[in-house]
Structures are given as C-alpha cells and as structure tokens.
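First comes the structure, then the notes that go with it.
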Amino acid sequence: MNRSKLLFTLIIGFFVLFSFSSCGDEKADKAEETVNIFFKAIEEHDFVKAKEYATAETQKVLDIVITEAEKYKKYNDKKVEIKFEILEKIIVEENADIKVKITIGEVVKDVMIKMSYVRESWFIIMPKSQLTIFRYIVFYNNYDLIIVVYNKEQKVIVVKKTKRTKYTRRRTKYTKKHKRTKHHKHTKKHKHTKKHKRTKKH
C-alpha cells in the first residue's frame, strides 16, 4: 500500500514537473518568435505591425523612427540583407532578456532586448536610449551618412533661396529708382515749359 502511494506521488510529481517544463519551453519559444516578427517588421518598414508587439513606451520611440524614415526616404535606397539571430534567452516569470545578434553587411551588433509577458503575449521593451538600434536597422547602417548628405542638400537650398532674395531686392530697388528718375525728369521739363511761356508773354 505504501509502495502504491509512493509510486502515485512520484507520477504526480513527474507530471507537474513536466507540465512546468513544457509551459516554460512554450513561453521561451513565444518570446523568440515575437522578437523575430518584431525585427522583421522593422526591417520591412512595417511599423504598424511592429507596434503590435511593442509596449506603449516602445511605440513612442517607433513614432520617432517613422518620422525619420519618411523624412529621409529618398536617401535610404541602399538596401542590404539583414540577419537576426537569438544568442541567449533568460526568462524569469513575466520578464525576459533576449540577446540578439543583428548583422547588416559586414557590421555585427549584439543587442540585449527586454520583454514583458502580458495576457499570454510577449511585448518588446525598447526605450529611447535604444533608438540607435532602430536607426541601424531602418537605414541599413547608413544613418550618419544620410544625415550628412541631407544637411549638405539643405545648405545648397538655403544658399539658392538667399541669392534669389538678394536678386529680387536689387531688382525692386532698381525699378523704384528708375521710376523716380523718370518722374524727376518729367517735373523738370514741366517747370521749363512754364518758364518759357512766361518769357514769350513778356
């Protein structure tokens, strides 16, 4: 009888342990899947989809990325293959730390991503301090170069506008001066005519 009870206890214990292990593996797999979907969406500039897997704080950072992606769109035409690889997963209850290796061309970056488990779903936590990671992916590691090109182009536009403004002002001044001169000559001529008439009458 004692043996039966012991066997039963062992079976129940094994079943519970197996259930927890299975649940933990499922959670870990879900976390990895979420990370892959999220970063793939960022790579493809599908920010609407990316926001579905992000916390409210991360969504605000994504809004900055969306604005920049639109602003520098015409300079961002050098697409490079991006590879994502999960290096490490640390899951403790409702929180996770995922180490991701991001490869763009020959440049490799290891990034630690925090995640939160809410209502059986994982969400990415990336604060503003990690904005450079988004820029690294969205602009294919060319963000700094794009900014330089953009600023140079803006300076050229400003110089052109300044030159046009100066030319317009000069032209306006010349036109006003020309009108005054004509009016002045006409007035002098008019005075001369009056004087001439007086002389004749005399």
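The values are calculated or read from the model by the stated rules, or taken from the named source; none is laboratory data. If you're wondering where the values come from, they're calculated on a predicted model, not measured in any experiment. Backbone-built Cβ (ideal geometry, glycine too); neighbour counts: all protein chains shown.
Of everything in region 94-108 that's touching a residue at least 24 places away in the same chain (Cβ under 8 Å) and either assigned to a strand (DSSP E or B) or not assigned by TED's automatic domain parsing to the domain that holds Glu57 (or both), which residue is surrounded by the most Cβ atoms within 10 Å (Cβ to Cβ)?
It comes out as Ala96.
Hey, does region 160-171 have a residue that's at pLDDT 60 or above, assigned to a helix (DSSP H, G or I) and either closer than 30 Å to Ala50 by Cα or within 29 Å of the chain's Cα centre (by Cα) (or both)?
Yes, there is a match, as at least one residue in region 160-171 is at pLDDT 60 or above, assigned to a helix (DSSP H, G or I) and either closer than 30 Å to Ala50 by Cα or within 29 Å of the chain's Cα centre (by Cα) (or both).
Which residue is farthest from the chain's Cα centre (by Cα), if the candidates are limited to region 69-87 and must be over 30 Å from Ala28 (Cβ atoms) and among the aromatic types (Phe, Trp, Tyr)?
Only one residue fits best here, namely Tyr75.
Run Tyr75 past the list (1) touching a helix residue (DSSP H, G or I) at 6+ places or on another chain (Cβ under 7 Å); (2) of a type outside the set (A, V, I, L, M, F, W, C); (3) within 16 Å of Glu44 (Cβ to Cβ) and report the number of the one that doesn't hold.
(3)
State whether the residues of region 78-88 include one that is over 18 Å from Glu44 (Cβ atoms) and hydrophobic (A, V, I, L, M, F, W, C).
yes
Of all the residues that make up region 65-80, how many are acidic (Asp, Glu) and touching a residue at least 24 places away in the same chain (Cβ under 8 Å)?
1
Can you tell me which residue among Ile137, Ile42, Ile91, Ile66 is over 17 Å from the mean Cα position of the chain (by Cα) and either assigned to a strand (DSSP E or B) or surrounded by 12 or more Cβ atoms within 10 Å (Cβ to Cβ) (or both)?
Ile91
Considering only residues that are under 14 Å from the mean Cα position of the chain (by Cα) and of a type outside the set (Phe, Trp, Tyr), which ones fall in region 107-134?
Residues satisfying the conditions are Met126, Pro127, Lys128, Ser129, Gln130, Leu131, Thr132, Ile133.
Is it the case that Ile113 is within 30 Å of Lys78 (Cα to Cα) and either modelled with pLDDT of 95 or more or not in a helix (DSSP H, G or I) (or both)?
Yes, satisfied.
Which residues, taken from region 109-124, are in contact with a helix residue (DSSP H, G or I) (Cβ under 9 Å, 6 or more places away or on another chain) and loosely packed, with under 11 Cβ neighbours inside 10 Å?
Hit for region 109-124 is Glu120, nothing else.
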